[in-house]
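This report concerns only the one structure given below.
Bear in mind these aren't lab numbers, they're just calculated from the coordinates by the rules spelled out. A quick note: this is a predicted structure, and the numbers were derived from the prediction, not measured. Please note: Cβ atoms are built from the backbone with ideal geometry, for glycine as well, and neighbour counts cover all protein chains shown.
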Amino acid sequence: MRPFARILVLLLAALSLSACGIYSFTGTSIQNDVNSITINYFEYRAEKVNPSLSNDLTEALRTRFRRSTRLEQVDQDGDLEITGEITGYSVSAAAVTADEVAARNRLTVTVRVSFTNRKHSEDDFENQSFSGYAEYDSMNSLDSVESTLCAEIIDKIVEDIFNATVAQW
């Protein structure tokens, strides 16, 4: 009977966490009184230009919230609001050979994000920096691998922003 009691206690604890609305099994901790989110377009402020990066990042973030939360996305005045800008887009040597030639290069993207929770201001943060990178063989040109690298980097940055805002990790 003792193992049955432990299972019952764990089941009741899981149900109570789920029922209170603060934690969900999708990894978010959104309070019950928070119903909407505004995700503003990420402005491009980096020196090196990638014309599609702002749109790709903004849409990926909106998609992540649409798929993983119950929040309604609104154009303005959401209970939650995310504003950001791309501040860095650079390529650097990641691995150098004995001949002092780059064997691998690293593309790094940096964004600065502000988060406002109009219902629970203790969750707010301003100008928090998030970055992601991906490496590629220096025998390839950046143009030939850029879209693949950017997709990988965007996925990481979106996950980090999601966790910092509604998963609170």
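Quick check: residue separation of S52 and F125 times 0.36 nm, minus the Cα distance between them. What number comes out in nm?
Numbers: separation 73, 0.36 × 73 = 26.28 nm, distance 2.66 nm.
23.6 nm is the gain from fully extending S52 to F125.
At D137 and E72, where each label point lies 7 Å from the Cα along Cα→Cβ, what is the point-to-point distance in nanometres?
Distance between the two pseudo-spin positions: 5.2 nm.
Along the Cα→Cβ direction, 7 angstrom out, place labels at S114 and V145. What is the inter-label distance in nm?
3.7
The stretch 34-167: Rg/Rh from Cα coordinates, Kirkwood Rh?
Ratio value, two decimals: 1.06.
With r defined as the distance between the Cβ atoms of N32 and E59 and R0 fixed at 30 Å, what FRET efficiency is calculated, to the nearest 0.05?
0.60
Taking H as built 1.01 Å from N, whose amide H comes closer than 5 Å to the amide H of Y44, not counting residues under 5 places away?
When sequence neighbours closer than 5 places are left aside, the close amide H contacts are I86.
What ³J(HN,Hα) values, in whole Hz, does the Karplus curve 6.51 cos²θ - 1.76 cosθ + 1.60 give for the stretch 79-84 when θ = phi - 60°, with x put for Gly and Pro?
The phi angles translate into 4, 10, 9, 10, 10, x Hz.
Quick one: which residues, 5 or more positions from G78 or on another chain, have an amide H under 5 Å from its amide H? H modelled 1.01 Å from N in the peptide plane, none for Pro or chain starts.
Under 5 Å from the amide H of G78 lie the amide H atoms of T38, each far enough along the sequence or on another chain.
How long, wide and thick is the stretch 100-169, going by the Cα atoms along their three principal axes, in whole angstroms, largest first?
51, 22, 18
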